[in-house]
Amino acid sequence: MKIIVLMKQVANKDAVLRIRGDERWIDDSDVSQQTNESDGYALEEALRTKEAKGEGEVIVCTLGKPSAKTVIKDALARGADRAIHILVEDENALSPYQISKAIADNIREENADLVFTGLQSDDASHGQTGVILAELLDIPHATIVIEVDRESINGSVRVKRELESGWYQWFEYKTPSLLTIQSGISQIRYASLKGIMAAKKKEVRDVEVSVEDFESGQVVQKVYMPLKTKQTQILGDGDAKAGAVELIAKLKDEARVL
């Protein structure tokens, strides 16, 4: 069994963010980076699936600048077998389609049985890359996966999806298929010293792509911090009871907290 896991490097969630000079993204020159949270769970699920089957290969694929190697090294140290690094200078300027097209062109020949991705990235939060990638690879996909029945994997895979309003759905997909994994699906393992040493000998294939060759359906015009505004409203015109009635109506109809 061959499983490909997509992983992305994002800004640390506790980092102080500043807008870049061209106002197209954040200035990440001095921002600490980390692995996208849901991608970490996708890797863990892939490793557990391989262990449950007793055989197979887990391949990590990362699209990003050279600094994204840290994500790859961490994944290899945790147990991934090899990696593909698609080198681009500014992945945050790319649309989900451009990213998906670059990834699809470089993993298609692997003929993986399963492709795992995180549900969405912590920075852009489009939640589209996995879905578009499945379409480009012409394979079925399942989103918001919270459980994988590993015993069912034999030409098909049975998964549990999270729906709206606390509902869930079990569904069976033929393989190859793509799953977008929800955070919290399992307990993520730490890289062991043995794993860190073994990672140094594992293969990392670097691929350079020209994303200008891929058409984009969107362009980032401007990134800016949320504007802080204040507005004072006088309710009831001096009448406490009337003010209370108006307040309840606003909390119910406008703020929607009641």
Using a Förster distance of 22 angstrom, determine the FRET efficiency expected from the C-beta separation of TYR190 and ALA15, and round it to 0.05. 0.50
Can you give me the Cα centroid spacing of the stretch 165-188 and the stretch 62-97 in angstrom? 23
Starting from 0.36 nm per residue, how many nanometres of slack lie between GLU203 and GLU254 once their C-alpha separation is accounted for? 12.8 nm
Tail weight of P(r) past 27 Å, computed on alpha-carbon pairs of the chain, percent: 45
Spelling it out for ILE26: with amide H atoms placed in the peptide plane at 1.01 Å from N, the residues 5 or more places away or on another chain with amide H under 5 Å from its amide H are ARG20
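If you average over every viewing direction, what projected area does the convex hull of the Cα atoms of the stretch 152-249 give, in nm²?
Working: hull surface 65.5 nm².
Over every viewing direction, the Cα hull of the stretch 152-249 projects on average to 16.4 nm².
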Could you sort the peptides 173-185, 68-80, 243-255 by per-residue average Cβ neighbour count (10 Å cutoff), highest mean leading? 68-80, 173-185, 243-255
Rounded to 0.05, the calculated FRET efficiency for the beta carbons of LYS230 and ASP90 at R₀ = 30 Å is 0.25
List, in the order given, every pair from LYS8/LYS201; LYS2/LYS50; LYS69/LYS201; LYS2/LYS200; LYS2/LYS53 whose Cα-Cα distance in the structure shown is over 18 Å. LYS8/LYS201; LYS2/LYS200
Report the FRET efficiency, 1/(1 + (r/R0)^6), for ASP22 and GLU57, where r is their Cβ-Cβ distance and R0 is 45 Å, rounded to 0.05. 0.65
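Coordinate-derived values only; no laboratory data. Keep in mind that this is a model prediction, so the values were computed, not measured. Methodologically, a virtual Cβ is constructed for each residue, glycine included, from the backbone with ideal geometry; neighbour enumeration extends over all protein chains shown.
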